[in-house]
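Asks: Below is the structure I would like to discuss, written out as structure tokens.
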Amino acid sequence: MATVNFSVPDEVKEAFNQAFEGQNKSAIIAALMRRAIDEAERQRSRAAAIRRLGGRRGKRPAANDAAIRKARESGRA
């Protein structure tokens, strides 16, 4: 088990201690860190997906106005 030291504003420390009074604060911090890690990974994954989609955008053939109009009209019938 590692020991980690972080500096936080006094009001954050006080609010944390009050909110989690009587609980295992080390376990709470560890769970919050895991959630932050998971969220960072999701954000990286989303950003990579957006980059992949954006990269494909220029490779697709563009539809002309007539094709777009035909698709709209066929969907209305």
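Derivation of every value follows stated rules applied to the coordinates shown; laboratory data play no part. All of these numbers come straight from a predicted model, not from anything done at the bench. All Cβ positions, glycine included, derive from the backbone under ideal geometry; neighbour counts span all protein chains shown.
Asks: Just a yes or no: is a residue in the stretch 59-75 surrounded by 10 or more Cβ atoms within 10 Å (Cβ to Cβ), in a loop (DSSP other than H, G, I, E, B) and not hydroxyl-bearing (Ser, Thr, Tyr)? It would help to see each step written out before you state the result.
Replies: Pass one, the stretch 59-75, residues surrounded by 10 or more Cβ atoms within 10 Å (Cβ to Cβ): 63, 67-71.
Subset that is in a loop (DSSP other than H, G, I, E, B): 63.
Pick out the ones that are also not hydroxyl-bearing (Ser, Thr, Tyr) and you get 63.
The answer is yes, given that some residue of the stretch 59-75 is surrounded by 10 or more Cβ atoms within 10 Å (Cβ to Cβ), in a loop (DSSP other than H, G, I, E, B) and not hydroxyl-bearing (Ser, Thr, Tyr).
Asks: Same structure, new question: Just one of the numbered conditions (1) in a helix (DSSP H, G or I); (2) on the phi > 0 side of the Ramachandran plot is not true of Gly22; which one?
Replies: With respect to (1) in a helix (DSSP H, G or I); (2) on the phi > 0 side of the Ramachandran plot, Gly22 is out only on (1).
Asks: Could I ask something else about it? Go through the residues of the stretch 3-19 one by one and say whether even a single one is part of a loop (DSSP other than H, G, I, E, B), over 28 Å from the mean Cα position of the chain (by Cα) and exposed (fewer than 10 other Cβ atoms within 10 Å of the Cβ). Lay out the reasoning, then the answer.
Replies: Here is the first cut: in the stretch 3-19, the ones part of a loop (DSSP other than H, G, I, E, B) are 3-9.
When the remaining residues are screened for being over 28 Å from the mean Cα position of the chain (by Cα), the result is none.
No.
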